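Quick note: the coordinates plus some simple rules give every number you see, no bench work behind them. Since the structure is predicted, the reported quantities are computational estimates derived from the model, not experimental observations. When we count neighbours, we look across all protein chains shown, and the Cβ atoms used for this are built from the backbone with ideal geometry, even at glycine.
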Amino acid sequence: MSSSSNPRTALATQLARRRPIDVPGADSGDSPGLKRSLGLWQLTMISIGATLGTGVFVVLGTAVPMAGPAVWIAFIVAGVTAMLSALSYAEMAGSVPVSGSSYSYAYATLGEGLAWVCGWCLVLEYAVSVAAVAVGAGEYVNDALGVFGWTLPQALVAGPDGGGIINLPAAAIVLLATFLLARGTSESITVNTIMVVLKIATMLMFIGIAFTAFNSGNLEPLAPMGTAGIAAAASRLFFSYIGFDAASTAGEEAVNPRRDLPRAILLSLGIVTVIYILVALAAIGAHPWTEFTNNGPTLAAILDEITGTPWITLVMAIGAVIAIASVVLTVLYGQTRILMSMARDGMVPRVFQRISAKSHTPVAGTLIIGIAVAITAALIPLGELADATSIGTLFAFALVNLAVIYLRRTRPTQARTFRVPLYPVVPILGFLCCVGLMISLGTSTWIVFVIWMAIGIVWYLAYSRKHSVVGRLSAEEYAQAVRAGEAHAATRANEAE
């Protein structure tokens, strides 16, 4: 898609312009392309890698005081909300299989204005969630070192309550993931697959051992803080499901994106939800909920209580660090692909779209994001990061549900490899659940979100509007691009029949 030096498009018109994403090669850019090498297994591992671990290794301790023993119900509420949106993601991934996730879906359906808002939320979701997850690494590194009688200085750990000065393990994990991603996608995905298998095995080990010490009395009273506590915990725990959409950022690197992306999204979320519920029940059953705080106990500490066996504690702690590293690796991967798509559209600087001819990865963008996230992870506590990430994610998910409704109404014959069941009930419920969880988040989180959106508006008006590829097209060029996109979509729909 070429841009011209036509007079600037009126702001209202530009905000409403949709990206004709069905035009072949529209995402190619000027640099070498990404390499298609990912099948269903690898895509599923990306989503599991980006999701599994945060709920039980990082934010479980902060959610239990909110909901009490009913924290497992809060996991279900958050999981159902995520599943409703996952179904919408699956349909969009099968309809618009490109890099960029919900940003690209919004651009193709809701227009440049909402697409920018969605993309800005994704920057918050992915970059900040990487930092938030990495923050939890310090405690588990100390658990592992404690088996040998060692410990990191408190100043170099900075736990979830911000008790230290700098979180060195968090920064180290982010920088290692950045280096691996810059080397190449195949190597990164292979390492991620190994880490996912190991962390699933670690969680199954915890479930098996913790249930041997299960005390049903620990589940009473079930909901001491009532439904309000469960809702608040569900909003916090929604952070645990962030990442199931990571496979949707790999649209240009999937061998068969239309078939495999929807399957990978739904399969990964189903696996993660079951494991989360079992781990939460096992943890509460084995340890009184009143003793859970922002500082623990960690899952490794619970196993140490039950078994008194140092090697089991060591295995659990190492498994937790691996789980956190896997999340960091795959979510950082997704962030670089989203920014690459936004750079191609002129929303952010072009440096993020440059792909190395040697590694077939956006090396420059990966290094910039990795260093920025490492600094954030090292200096900012978990609680503020987790809630800020959740609100941005919920907003983006809400837009995806709206995108499904729009595309069904405007392109009923669009080629789709997956269709949301019970349409339009599911996307409407998905939208309402996301809005409901957003409302239940605290005032301070909303203040951060509003400030973030204000910064985004300033960026759009100062930079993105002037550099937007779609916005710089004349009315005639834009109409031609839309017609070409519709013709290509019609051809693809006929081929699918």
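Could you give the length gained on full extension between Glu220 and Glu291, defined as 0.36 nm per residue of separation minus the Cα-Cα distance, in nm?
24.2 nm
How far is helix 257-286 tilted off the main Cα axis of the chain, in degrees rounded to 10, range 0 to 90?
It is inclined by approximately 20 degrees.
Just tell me the longest site-free run in the chain, where the sites are chymotrypsin sites (Phe, Trp or Tyr not before Pro) in a DSSP loop having at most 10 other beta-carbon atoms within 10 Å.
Details: sites that count: Phe148, Trp150.
With chymotrypsin sites (Phe, Trp or Tyr not before Pro) excluded where exposed in loops, the chain gives 151-497 as its longest stretch.
How much length is gained on full extension from Leu145 to Ile451, taking 0.36 nm per residue of separation minus their Cα-Cα distance?
106.2 nm
Hey, how much of the P(r) for region 298-433 falls beyond 21 Å, as a percent of Cα pairs?
Here the tail beyond 21 Å accounts for 66 percent of pairs.
What list of ³J(HN,Hα) couplings, whole Hz, do you get for region 322-334 from phi and the Karplus terms 6.51, -1.76, 1.60, once you set θ to phi - 60° and write x for glycine and proline?
5, 4, 5, 5, 5, 4, 4, 4, 6, 6, 5, 4, x
Angle between the Cα long axis of helix 425-440 and the longest principal axis of the chain, 0 to 90 degrees, nearest 10?
60
Name the lysines eligible as straight-distance cross-link partners of Lys35: C-alpha to C-alpha under 26 Å, and not fewer than 8 places from it in the same chain.
By straight Cα distance, Lys35 reaches Lys358.
What is the distance, in nm, between label points placed 7 Å from the Cα along the Cα-to-Cβ direction at Val274 and at Thr443?
Distance between the two pseudo-spin positions: 4.4 nm.
In nm, what is the difference between 0.36 nm times the number of residues separating Arg350 and Ala475 and their Cα-Cα distance?
Gain in length upon complete extension: 42.6 nm.
Kindly express, to the nearest 10 degrees and within the range 0 to 90, the angle between helix 443-459's C-alpha long axis and the longest C-alpha principal axis of the chain.
Relative to the chain, helix 443-459 is tipped by roughly 30 degrees.
Hey, with R₀ at 30 Å, roughly what FRET efficiency would Ile194 and Leu432 work out to, going by the Cβ-Cβ distance, to 0.05?
Working: r = 39 Å, r/R0 = 1.31.
After rounding to 0.05, the efficiency reads 0.15.
Provide the FRET efficiency to the nearest 0.05 for the Thr307-Ile375 pair, computing r from the beta carbons and using R0 = 41 Å. Don't skip to the end; give the middle numbers.
On the way: r = 38 Å, r/R0 = 0.93.
Working from the Cβ atoms, E equals 0.60.
Counting pairs of alpha carbon atoms under 8 Å apart in space and at least six apart in sequence, what relative contact order in percent does region 11-496 give?
With pairs under 8 Å counted, the relative contact order is 33 percent.
Give the order of Lys358, Lys35 when sorted by the count of other beta carbons within 10 angstrom, beginning with the fewest.
Fewest to most other Cβ atoms nearby, the residues stand as Lys358, Lys35.
So what is the calculated 222 nm ellipticity per residue for the chain, using -39500 (n - 2.57) for each DSSP H run with n of 4 or more, over all residues, to the nearest 500 deg cm²/dmol?
-22000 deg cm²/dmol
Please give the residues of region 274-310, grouped as numeric ranges, whose backbone N is less than 15 Å from a label point set 7 Å along the Cα-to-Cβ vector of Thr212.
Residues passing the 15 Å test: 286, 302-310.
For Ser356, enumerate residues with amide H under 5 Å from its amide H, sequence gap 5+ or separate chain, H modeled in the peptide plane.
Excluding prolines and chain starts, which carry no amide H, the hits are Thr361, Val363.
May I ask for the distance between the Cα centers of region 425-449 and region 51-74, given as a whole number of Å?
One Cα centre to the other: 18 Å.
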